[in-house]
Amino acid sequence: MKGSDRLKGASVLVTGASGMLGRKLIRRLAPANQITGVSKSGREGAFACDLAKGADVGKIFSRNFDLVIHAAAYSDVDGCEKEPQLAHEANALATKNLAALCGQKGVPFIYVSTDYVFDGQKKSPYRETDATGPVNIYGLTKLEGEYFTKQLAPLSAVVRTSWLFGEGNPKSFVNAITQRLKTEKVVRVLADQEDSPTSVEDLSEAIEKIGAHWLLHKAQKPFQDVFHVCNAGSTTRYGLTLKIREVLGLENVRVEKMDKEEIKNRWALRPLYGVMSTDRYERFFNVKMRSWQESLEDYLKEEEHASKVTKKDKN
Ligand SMILES: NC(=O)c1ccc[n+]([C@@H]2O[C@H](COP(=O)([O-])OP(=O)(O)OC[C@H]3O[C@@H](n4cnc5c(N)ncnc54)[C@H](OP(=O)(O)O)[C@@H]3O)[C@@H](O)[C@H]2O)c1
């Protein structure tokens, strides 16, 4: 690690403040920094702002920021396929507006992107230099966001990640399947995609390292970078479900593999393989990403503990 890996005393704009990653970033950074959190609806105490509306984004920038972390997105992959215009606005246009303002004002910009920018045909982990080729609207609009970041923000980093888990989104795979394992006797899941489940806790730590490094060392001269950040190892949704079942001690629930054809309302194609190499990030910062199993276990145990405390408080 070169220099300090924590941000201190910085004014930071975090978008997606009501989302899984944004909430975690704010919780991590707020004690030592001045945070402005923005979301579309203004949930979770965030400022309400539709980032696709340039004039509204301009108003946020009446404040001065040392760093912008853009974690907002339309992240529902099937939703993007059904509502491509909304996907374009939230993922591409919003990023264009933010990147342009960061470019004009010389503010470092971190854009959170996805492994879904790749086509999933590779048989070994994707590197930052591999060709992109999204197979769905979500991936395409996130890639547009990467393009605008590169074009408009001379001080910028694209951080690609995959299969996030954390609190704040009951529809995310880990949270939804945990609920089902607790309430159903048989749970059927897909085993068609291979990817790296990633903890928003570990991703937030990485994003802070990247931001802190650049604020300390590089903010005076142009830099542009791409990093892949995800937990180590890979699995399918079936494998992920078996691990959740094991950690929660729910072996009495049967977990079965299901076919894609059985799923209704699956609008978007998925890349079948999304595993990314984190070598570049790990070497740059001299760190090792934890395995997805270790991070998942920590997350599920914390959630179990939190729900027991809440139940006790209610009684
Ligand atoms: N989830 C994953 O598995 C995954 C995988 C790879 C990459 N990523 C990327 O990681 C980042 C964080 O994902 P997440 O799962 O934490 O997201 P999330 O939980 O779905 O939250 C999305 C956030 O974006 C905000 N938002 C959406 N459209 C907006 C707009 N037009 N203007 C302002 N705010 C808007 C939402 O605000 P409201 O709540 O007010 O609507 C919400 O705060 C995203 O960039 C996503 O593409 C996610």
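The numbers here are math on the coordinates, done by the rules we state, and not lab data. Just so we're clear, the structure is a prediction, and the values are computed from it rather than from any experiment. Here the Cβ is made from the backbone with ideal geometry for all residues, glycine too, and neighbour counts use every protein chain on show.
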- Length gained if Ser291 through Asp130 is fully extended, taking 0.36 nm per residue and subtracting the Cα-Cα distance, is 55.6 nm
- Item | At R0 = 22 Å, FRET efficiency that the Cβ-Cβ distance of Lys185 and Leu242 yields, to 0.05 | 0.90
- Per 20 Å bin, what is the whole-percent P(r) computed from every C-alpha pair distance within the chain? 33, 59, 8
- Task: Evaluate the distance, in nm, between pseudo-label points positioned 7 Å from the Cα of Gln85 and of Arg27 along their respective Cα→Cβ axes.
- Result: 3.7 nm
- Relative frequency of Cα-Cα separations exceeding 19 Å in the stretch 113-260, percent: 61 percent
- Message: What does DSSP give for the chain in terms of the percent of beta bridges that are antiparallel, rounded to the nearest 5?
- Response: 5 percent
- Task: Could you calculate the contour length gain from Arg43 to Gln151, that is, 0.36 nm times the residue separation minus the distance between their Cα atoms, to one decimal place in nm?
- Result: 35.8 nm
- Message: If I model a spin label at Asp192 and Asp298 as a point 7 Å from the Cα along the Cα→Cβ vector, what separation in nanometres do I get?
- Response: 3.3 nm
- Would you mind giving the three semi-axes, in whole Å and largest first, of the ellipsoid equivalent to the stretch 240-308 according to its Cα gyration tensor? 27, 24, 11
- Helix-only [θ]222 nm of the chain, DSSP H runs n ≥ 4, -39500 (n - 2.57) each, per residue, nearest 500: -12500 deg cm²/dmol
- Task: Filter the cross-link list Lys182/Lys257; Lys40/Lys142; Lys243/Lys288; Lys122/Lys260; Lys24/Lys182; Lys59/Lys82 down to pairs whose alpha-carbon distance in this structure exceeds 28 Å.
- Result: Lys59/Lys82
